[in-house]
């Protein structure tokens, strides 16, 4: 797994986000969601600042953060490979998809590739069971996958990135 | 004002139109099947042919196995539905409709009646397709038929009519009575009578009350609520506004939706904006003294938040842990005030019930479960998708008539898993079980929120039980010991069994622990966690014993227990299996029977799939 480099957090940004929700204590989950949207994860510094603004003790902030599986304390890859491992996908071979990604990118579930391009994230159910096995990347759903199709998808995303970098 | 708001936006969507209309299924299942590039192709084709027509993206009509679906409605004719549409077929569909004044016979699935229009000859009506024949669509009536982003489409199909009726001619007590008469019970799986829930909240003292919509559909294998939210979001809003009126002028509503449903959230946001713009939400709704607004709260990935008290805790910015009842949410809910919490499908039914009457709704269904129920039919079944049937429809009819039977003709039905992680498996002998709250419980499962996963003989029952227990174990919030520790020990035993290290007495221990976890857990999650294990031991004890005593997995799923061998008599010495083996474990010489080295075999099944003669098992 790659060494993680943390981002710099700006107090003003945090205050702005909290204000959007009128500094309400009850909106802490939504505030953290906004923070994550901005930074891609919830940096430790941001967590503390939110606590200070909303006047919530650190222990409680940490408790909320760690309770929900969608909050991340470490930076994550550009593409999150959400491989569905729900019931219908499970009986149609979702395990093979996960294995293929592990083998192809040398990462375990929850880890990032060294170049920070991919993160493997098995998820419980994406609700498109009729198209099992399926995966979702950047909000786009891919149905009726196979191990081979998974690999082509990874290659395609890699190529797109290279192409983007060239044009920049 | 009241009628103006309704007449203002009267666009006839299901009536005869002057322009041709193309509907394309753009719900999550459609998008995953390539509906987006297809929409681009349709646009290009329209441009190329210089056609003047309306393109309407719709929600899910239920035939997920046939996505992407494209419908063409010519002026004055019935709507023709095409399935699995690809670039190639698209040209032919356009040719048929726009050049030959006909339909593309080769690709058409069915036609859907349009009021006052002419049918085509030689094409089945949608209602006559086996998939739709046994279905009664109430809550999913508009899904796939209207543009979910258009409030005009919703209003054209009787939308907000029930709200107008309620606000102008009924008292809150009458609304509650009508819902009670309908016999509607909580569709999220709990089955608590909705009318009673509303009455309790109504009777709770205090001017401040809340309405909460539970859209945290977390059961793996279930997507009924997603389909309704994506395909008919206004129906849920209308249900909530009526609920707010009925419980005594609640001012604020919340929709708690899981973040895994980005499209549903997008559609809800648009629906709320439009409803506000047309004064169905906000101050003085439709000119009356009622004010009500709705806020969306996105979940953050915790299955237990589908439990109502955990949901409320999460809604208020806490860790989503359940609290022991009483107090019930009807007494102390959001911010400590009386709150009514209903599931998406329950709320989706409300408008239809108030428009057509409680008795009408109660005329469907079985003795104790009235009305219809939606199910997400998936797994090894031919027609997987979203269906809605009268409660009490036998499981056999759901799987074999509507579902079209097994996907692989040669592999027979083994069991159906109902109710997700809180449910259980029903075997062949239970196929005639009427699917309603009471009968499914008697058969050892639960109707739950409506997930039905069909399994064939190639599935492993022990593995399935392990799958569900692993899920609940992961999602256990850790508050109470029976659930947190009990489910972990049970999972360890199941893992041991599937790894080929099962011992005599393991089954008795599993049953003992199950009873303990069931009776001592704090909330429904722990209380139901052992169900998948108990129901499978009840019906498939032999399969467990095969794993434990013979170290054999009859479904060939459990990796550690699989030993692939080549059957000499069936092997044609073709050699197809050799090159596909990734670990080099298959050896083969021309004219010789292949051989598999089990010490290096990784059980990937590539050779089994490659063999055309079923000579490797």
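Since every read-out is calculated from the coordinates, none of them should be taken as a lab result. Treat the numbers as computed from the prediction; the structure is a model and nothing was measured. Methodologically, a virtual Cβ is constructed for each residue, glycine included, from the backbone with ideal geometry; neighbour enumeration extends over all protein chains shown.
Estimated at 0.36 nm per residue, the fully extended path between residue B:590 and residue B:499 surpasses their Cα-Cα distance by 29.2 nm. Extension gain, residue B:283 to residue B:102: 0.36 nm times the residue separation minus the Cα-Cα distance gives 60.1 nm. In terms of surrounding Cβ atoms within a 10 Å radius of their Cβ, B:129, B:263, B:525, B:347 rank from fewest to most as B:129, B:263, B:525, B:347.
Just from its helices, what would the mean residue ellipticity at 222 nm be for chain B, if runs of 4 or more DSSP H residues each count -39500 (n - 2.57) and the sum is divided by every residue, rounded to the nearest 500 deg cm²/dmol? Let's see the in-between values first.
Details: 23 runs with 217 residues, N = 617.
Calculated mean residue ellipticity at 222 nm is -10000 deg cm²/dmol.
DSSP assigns beta bridges within region B:159-361; of those with both partners inside it, close to 10 percent run antiparallel.
Residues B:223, B:471, B:192 in ascending order of nearby Cβ atoms (within 10 Å, fewest first): B:192, B:471, B:223. If R0 equals 25 Å, the separation of the Cβ atoms of residue B:161 and residue B:359 corresponds to a calculated FRET efficiency of about 0.85. Compactness ratio for region B:349-438: Cα radius of gyration over 2.2 N^0.38 Å (N = residue count) comes to 1.19. Distance between the 7 Å Cα→Cβ label points at residue B:485 and residue A:66: 1.9 nm.
May I ask for the percentage of alpha-carbon pairs in region B:28-85 that lie more than 12 Å from each other?
On the way: 1144 of 1653 pairs.
It works out to 69 percent of all Cα pairs.
Computed over every Cα-Cα pair of region B:462-548 and binned at 5 Å starting from 0, the pair-distance distribution P(r) comes out as 3, 17, 30, 26, 15, 8, 2, 0 percent.
A simple spin-label model places pseudo-atoms 7 Å from Cα toward Cβ; at residue B:208 and residue B:18 they are separated by 5.3 nm. GNM remark for chain A: springs join alpha carbons under 10 Å apart, and the peak mean-square fluctuation among A:79, A:71, A:21 falls on A:21. Across peptide A:140-147, the average count of Cβ atoms from other chains found within 10 Å of a residue's Cβ is 4. Taking every residue in B:226-234 and counting other chain Cβ atoms within 10 Å of its Cβ, the average works out to 1. Set the Förster distance to 45 Å, then compute FRET efficiency between residue A:161 and residue B:565 from the Cβ-Cβ distance, nearest 0.05. Calculated value: 0.50. Sorted ascending by nearby beta carbons within 10 Å, beginning with the fewest, A:118, B:540 become B:540, A:118. Relative to the current alpha-carbon distance between residue B:55 and residue B:550, full extension at 0.36 nm per residue lengthens the span by 172.2 nm. A simple spin-label model places pseudo-atoms 7 Å from Cα toward Cβ; at residue B:617 and residue A:11 they are separated by 7.3 nm. First obtain the Kirkwood hydrodynamic radius of the protein assembly as shown from its Cα pairs, then insert it into the Stokes-Einstein equation at 4 °C and 1.567 mPa s, and state the resulting D in µm² per second as a whole number. Here the translational diffusion coefficient equals 47 µm²/s.
Note on residue B:115/residue B:48: beta-carbon distance plugged into 1/(1 + (r/R0)^6) with R0 of 35 Å gives a FRET efficiency of 0.65. Seen against the Cα atoms of chain A and their longest principal axis, helix A:58-67 is set at about 20 degrees.
How well do other chains shield peptide A:89-96, expressed as the mean number of their Cβ atoms within 10 Å of each residue Cβ?
Numbers: counts 3, 12, 17, 4, 1, 0, 3, 2.
Neighbouring Cβ atoms belonging to other protein chains average 5 per residue here.
Can you run the Rg to Rh ratio on chain A? Use alpha carbon positions and the Kirkwood inverse-distance Rh. Walk me through the numbers before you get to the answer.
Values: Rg = 18.0 Å, Rh = 17.5 Å.
Computed over Cα atoms, the ratio is 1.03.
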